[in-house]
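Chemist: My questions all concern the structure below.
The values are calculated or read from the model by the stated rules, or taken from the named source; none is laboratory data. Everything quoted here is computed from the prediction, not taken from an experiment. As a convention, Cβ positions derive from the backbone with ideal geometry for all residues, glycine included, and neighbour counts pool all protein chains shown.
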Amino acid sequence: MKYFWGGKEAMMKAKPKLLPFDKNIQDYDILFIGTPVWAWTYAPPLNTLFSTCQIVNKKIAIFCCHGGNKGKIFDQMKKVLENNQILGEIDFQDPLKNNTDANIQKAKKWAEDIMKMLKKYEKNT
């Protein structure tokens with residue numbers, strides 16, 4: 001039943017209430033935004049975040065975890081984050097069930113590659 005409810009919430013682009021957080025997105029230049037895949041899209045709390053926080057002119061890395069198919073989640077995230085620079089994207093299929101150590105290394109290498117790219121970018125500006 002929870003899959004049906006979650007899928008319905010995702011497809012209807014629900015905006016659930018978020019717990020208060022004491023961070024201001026405007027204070028950060030680089031963001032890593034991740035989500036599980038719900039009904040081939042991002043989880044509803046991101047709808048709330050995207051609609052309540054101004055996210056523009058940021059460097060953003062996006063990632064997702066899924067049980068089978070990531071669908072077009074990255075296209076959907078890029079569309080809502082269109083006024084930003086997307087640094088990279090990566091997905092993990094059942095990361096806690098499949099090749100946990102390999103997924104940890106995959107995530108570390110991805111983050112390190114992004115950081116190297118940013119350092120190179122800073123040197124050229």
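Chemist: Have a look at Lys78, Lys120 and point out the one that is touching a residue at least 12 places away in the same chain (Cβ under 8 Å), within 27 Å of Val56 (Cβ to Cβ) and not polar (S, T, N, Q).
Modeler: Working: Lys120 fails: touching a residue at least 12 places away in the same chain (Cβ under 8 Å).
Every option except Lys78 fails the conditions.
Chemist: For the range 61-73, check the following and say yes or no: at least one residue is within 20 Å of Met115 (Cα to Cα), charged (D, E, K, R) and surrounded by 15 or more Cβ atoms within 10 Å (Cβ to Cβ). Give the derivation first.
Modeler: Of all residues in the range 61-73, those within 20 Å of Met115 (Cα to Cα) come to 61-64.
Remaining after also requiring charged (D, E, K, R): none.
No, that holds for no residue.
Chemist: Somewhere in the range 44-58, is a residue closer than 25 Å to Leu19 by Cα and in contact with an Asp or Glu (Cβ under 6 Å, 6 or more places away or on another chain)?
Modeler: Within the range 44-58, one or more residues are closer than 25 Å to Leu19 by Cα and in contact with an Asp or Glu (Cβ under 6 Å, 6 or more places away or on another chain).
Chemist: So in the range 74-93, with the set limited to residues that are part of a loop (DSSP other than H, G, I, E, B) and out of contact with any Phe, Trp or Tyr (no Cβ under 9 Å at 6 or more places or on another chain), which one is surrounded by the most Cβ atoms within 10 Å (Cβ to Cβ)?
Modeler: Taking the range 74-93 as the starting set, the residues that turn out to be part of a loop (DSSP other than H, G, I, E, B) are 81-84.
Checking the rest, the ones that are also out of contact with any Phe, Trp or Tyr (no Cβ under 9 Å at 6 or more places or on another chain) come to 82-84.
Values: Glu82: 9, Asn83: 10, Asn84: 17.
Going through the qualifying residues, I end up with Asn84.
Chemist: Name the residues in the range 26-38 that are surrounded by 14 or more Cβ atoms within 10 Å (Cβ to Cβ) and under 10 Å from Lys58 (Cβ atoms), would you?
Modeler: Leu31, Ile33
Chemist: Quick one: in the range 94-109, which of the residues that are part of a loop (DSSP other than H, G, I, E, B) and exposed (fewer than 13 other Cβ atoms within 10 Å of the Cβ) is modelled with the lowest pLDDT?
Modeler: Taking the range 94-109 first, the residues part of a loop (DSSP other than H, G, I, E, B) are 94-99.
Next, from what is left, pick out any that are exposed (fewer than 13 other Cβ atoms within 10 Å of the Cβ): 96-98.
Working: Leu96: 85, Lys97: 88, Asn98: 82.
Filtering the range 94-109 for residues that are part of a loop (DSSP other than H, G, I, E, B) and exposed (fewer than 13 other Cβ atoms within 10 Å of the Cβ), the one modelled with the lowest pLDDT comes out as Asn98.
Chemist: Still on this structure, I have one more. Could you give every pair whose Cβ atoms fall below 6 Å, whose first residue belongs to the range 94-106 and is within 18 Å of Gly68 (Cβ to Cβ) and without any contact (Cβ under 8 Å) to a residue 12 or more places away in the chain, and whose second residue is surrounded by 11 or more Cβ atoms within 10 Å (Cβ to Cβ) and not hydrophobic (A, V, I, L, M, F, W, C), counting only separations of at least 6 or pairs across chains?
Modeler: Asn103/Pro95
Chemist: Checking Ala61 against (1) free of Cβ contacts under 8 Å to residues at least 40 places away in the same chain; (2) part of a strand (DSSP E or B): exactly one of these is not met. Which one?
Modeler: (1)
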